[in-house]
Each structure stands twice: as C-alpha cells, then as structure tokens.
Amino acid sequence: MRKLAAGNWKMNGTAAELAEVDALVASHGAPSVDILLCPPATLLSRMSDRAGDAIATGGQDCHANVSGAHTGDIAADMLVDAGAGYVILGHSERRTDHGETDAIVAAKSTAAYNAGLIAVICVGETEGQRDAGDTLNVIAAQLANSVPDAANGANTVIAYEPVWAIGTGRVPTLEQIAEVHDKMRADLVARFGETAKDMRLLYGGSVKPSNADEIFAIDNVDGALVGGASLKASDFSAIITALENA
C-alpha cells in the first residue's frame, strides 16, 4: 500500500497559485508516496496539466447523476475529463453547508466509481458527539451508510476528520486518533474482507509540519487529508516528507 498525502484547497486559489504546484513538482518529482491535490473546479484542468505524473489531482465534490439539469454541479465524468483521478466526497463542510446525508455521499461515491475515480470518503464527529462519548458509534454509522458495497482497496480512501479539529488548530490526542483508525480498519475488514486492508485511512484535522511525524507514526494512519497547509508548497512539502519518512 502506497501512503497518500492529499491536499484539499477548498474555496481557495486562482491561476497565480498554480506556481505552488510547480514548486511541489520540483521538490517531489519522484515521490515514494502518492500525492494528491484537489483544487477548486476552476483550476482543475490547468493544475492537472502542470502536475504531470508526480502529483494526482481530484475534485472536491461530484453529483450522483451522470448529467442533467443540475445548475452549478459537476458530474464525475467531467472531473475525469479535466484530468482528475480522485474526488473528495462527504466532507464535513459539504455535510453541514449543503445538508449532505450518508445516502447522498454513498450515491456520489457510486457515481465516482462508475467514472473510474477513486473516492475519498470523509467521516468525522462533532465536538458535541465527541464530548458525549459517541465518536466510535458516529464513525461506524457513517462508514456503514456512506461507503457503497462496491468499495475496495483500489477505488476507496477513507478520511477521518474530527469536525471540531478542522482548521481550528486543535488536534485529538494520538491515542484518540489511534482508537478511531483501529476501529475503522476493523469495521471495514469485517464488512469487506481482505480488500479493506488495502483501503488507505487518512487523518485530517489541523495536520501541519509540526505534528505530522507523530501522527504518521500511528498504526492504521496511511496518510493525511490536509487543508490549509496544502496551499503552500513549503508547508505541504514538509508533510509529504514526513510521510515518506514514516
């Protein structure tokens, strides 16, 4: 299993920021881990052209339908046409801001599979759910209902992002991260069998160069889904290097 450093640019970046991709390619032209950048849709095609073979690109969302009257939405095939190999689905910001349910995430994931994309399916608990001791139950339910039956080690990545840690600077303890990742692996293996051992489990939630080494040393953490720190090549490069050395 090749580990994965994935960057989610969210609603950030214009053409000027594509220079950061050039810098990453210069620093990691032959990486020993997989590198993924998911820019805004307006940059996807241009980023894909510049990233070459060293860096994969992905979308931040796709529609469950192949085409139709869905103004402002993007079909999975359109992402492929723009050069994408991955798509992030079910991010907490989509679940919160757009009311996406587990069923919607599962339908979008199926659309991604059908288009040949690798789905990065996000799960995570809120601060209230963590404080109530419901974290493992919440994650188990999201995995059960967001991940389609067709998932396997080749088409699916799972990203655990505690909602209360995204962009806040707060990070769960190493023990808390390990507990969730171990439970996710166990649940996935129980459902999917041996192929689930090859599903990469990413941690996301205020990952930065200063804490990457200790996070990547945890069992069943196969990489990271990085937000703000992926916008600058210098920061993301340090995280990639930490993953290569893990």
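So which residues in segment 40-60 are of a type outside the set (Ser, Thr, Tyr), closer than 27 Å to Asp102 by Cα and touching a strand residue (DSSP E or B) at 6+ places or on another chain (Cβ under 7 Å), if there are any at all?
Kept after step one, since they are of a type outside the set (Ser, Thr, Tyr), are these residues of segment 40-60: 40-41, 43-44, 46-47, 49-56, 58-60.
Next, from what is left, pick out any that are closer than 27 Å to Asp102 by Cα: 40-41, 44, 56, 58-60.
Those that are of a type outside the set (Ser, Thr, Tyr), closer than 27 Å to Asp102 by Cα and touching a strand residue (DSSP E or B) at 6+ places or on another chain (Cβ under 7 Å): Ala41, Leu44, Ala56, Gly58, Gly59, Gln60.
Output the qualifying pairs, or none if there are none: Cβ atoms under 7 angstrom, residues six or more apart or on different chains, first residue in segment 86-113 and farther than 18 Å from Cys38 by Cβ, second residue in a helix (DSSP H, G or I).
Asp102/Gln142; Asp102/Asn145; Asp102/Ser146; Ala103/Asn145; Ala106/Asn145; Ala106/Ser146
Got at least one residue in segment 86-105 being assigned to a helix (DSSP H, G or I), among the small types (Gly, Ala, Ser), more than 13 Å from Asn8 (Cβ to Cβ) and out of contact with any Lys or Arg (no Cβ under 9 Å at 6 or more places or on another chain)? Spell out the reasoning first.
The first filter runs over segment 86-105 and keeps only residues assigned to a helix (DSSP H, G or I), leaving 92-97, 102-105.
Checking which are among the small types (Gly, Ala, Ser) leaves us with 92, 103.
Okay, now just the ones that are also more than 13 Å from Asn8 (Cβ to Cβ), so 103.
When the remaining residues are screened for being out of contact with any Lys or Arg (no Cβ under 9 Å at 6 or more places or on another chain), the result is 103.
Within segment 86-105 (the criterion being assigned to a helix (DSSP H, G or I), among the small types (Gly, Ala, Ser), more than 13 Å from Asn8 (Cβ to Cβ) and out of contact with any Lys or Arg (no Cβ under 9 Å at 6 or more places or on another chain)), the answer is yes, since at least one residue qualifies.
For the subset of segment 162-182 comprising residues that are part of a loop (DSSP other than H, G, I, E, B) and not basic (Lys, Arg), which member is surrounded by the most Cβ atoms within 10 Å (Cβ to Cβ)?
Of segment 162-182, the ones part of a loop (DSSP other than H, G, I, E, B) are 162, 166-173.
Still in the list and also not basic (Lys, Arg): 162, 166-169, 171-173.
On the way: Pro162: 27, Ile166: 20, Gly167: 11, Thr168: 12, Gly169: 9, Val171: 18, Pro172: 21, Thr173: 8.
The qualifying residue surrounded by the most Cβ atoms within 10 Å (Cβ to Cβ) is Pro162.
Being of a type outside the set (D, E, K, R) and within 25 Å of Tyr113 (Cβ to Cβ) is the filter here, so list the residues in segment 20-41 that pass it. Spell out the reasoning first.
Taking segment 20-41 and keeping what is of a type outside the set (D, E, K, R), we get 21, 23-33, 35-41.
Hits for segment 20-41 are Val33, Ile35, Leu36, Leu37, Cys38, Pro39, Pro40, Ala41.
Yes/no per residue for (1) at positive phi; (2) at pLDDT 95 or above; (3) of a type in the set (Gly, Ala, Ser):
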| position | (1), (2), (3) |
| --- | --- |
| Leu4 | no, yes, no |
| Ala23 | no, yes, yes |
| Val33 | no, yes, no |
| Ser48 | no, yes, yes |
| Gly52 | yes, no, yes |
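Please find, among Asp22, Asp53, Asp102, the residue that is among the acidic types (Asp, Glu), surrounded by fewer than 20 Cβ atoms within 10 Å (Cβ to Cβ), over 20 Å from Lys208 (Cβ atoms) and under 18 Å from the mean Cα position of the chain (by Cα). If you could, list the steps in order and put the result at the bottom.
On the way: Asp22 fails: under 18 Å from the mean Cα position of the chain (by Cα); Asp53 fails: under 18 Å from the mean Cα position of the chain (by Cα).
The match here is Asp102.
Is it the case that segment 220-235 has a residue that's assigned to a loop (DSSP other than H, G, I, E, B), in contact (Cβ under 8 Å) with a residue 40 or more places away in the chain, of a type outside the set (Ser, Thr, Tyr) and more than 22 Å from Ser92 (Cα to Cα)? Even if it seems obvious, please write down each step before you answer.
To start, the set of residues in segment 220-235 that are assigned to a loop (DSSP other than H, G, I, E, B) comprises 220-222, 227, 231-232.
Pick out the ones that are also in contact (Cβ under 8 Å) with a residue 40 or more places away in the chain and you get 220-222, 227, 231-232.
Retained after the next criterion (residues that are of a type outside the set (Ser, Thr, Tyr)): 220-222, 227, 231-232.
From what is left, the residues that are more than 22 Å from Ser92 (Cα to Cα) are 232.
Taking every residue of segment 220-235 in turn, at least one turns out to be assigned to a loop (DSSP other than H, G, I, E, B), in contact (Cβ under 8 Å) with a residue 40 or more places away in the chain, of a type outside the set (Ser, Thr, Tyr) and more than 22 Å from Ser92 (Cα to Cα).
Would you pick out the residues in segment 207-241 that are surrounded by fewer than 22 Cβ atoms within 10 Å (Cβ to Cβ), over 12 Å from Gly7 (Cβ atoms) and small (Gly, Ala, Ser)?
Ser210, Ala217, Ser234, Ala238
For segment 107-126, give me each residue that is closer than 18 Å to Ala75 by Cβ, among the small types (Gly, Ala, Ser) and either in contact with a helix residue (DSSP H, G or I) (Cβ under 6 Å, 6 or more places away or on another chain) or not in a helix (DSSP H, G or I) (or both).
Ala111, Ala112, Ala115, Gly116, Ala119
All but one of (1) outside any loop (DSSP other than H, G, I, E, B); (2) over 30 Å from Gly68 (Cα atoms) hold for Ala159, so report the exception by its number.
(2)
Limited to segment 15-44, what total is found for residues that are in contact with a helix residue (DSSP H, G or I) (Cβ under 8 Å, 6 or more places away or on another chain) and among the hydroxyl-bearing types (Ser, Thr, Tyr)?
Within segment 15-44, residues that are in contact with a helix residue (DSSP H, G or I) (Cβ under 8 Å, 6 or more places away or on another chain) and among the hydroxyl-bearing types (Ser, Thr, Tyr) number 2.
Look at segment 65-81 and say how many of its residues are buried (at least 18 other Cβ atoms within 10 Å of the Cβ) and outside any helix (DSSP H, G or I).
Residues flagged as buried (at least 18 other Cβ atoms within 10 Å of the Cβ) and outside any helix (DSSP H, G or I) within segment 65-81 amount to 2.
The values are calculated or read from the model by the stated rules, or taken from the named source; none is laboratory data. As the structure is a computational prediction, the values presented were derived from the model and not from experiment. As a convention, Cβ positions derive from the backbone with ideal geometry for all residues, glycine included, and neighbour counts pool all protein chains shown.
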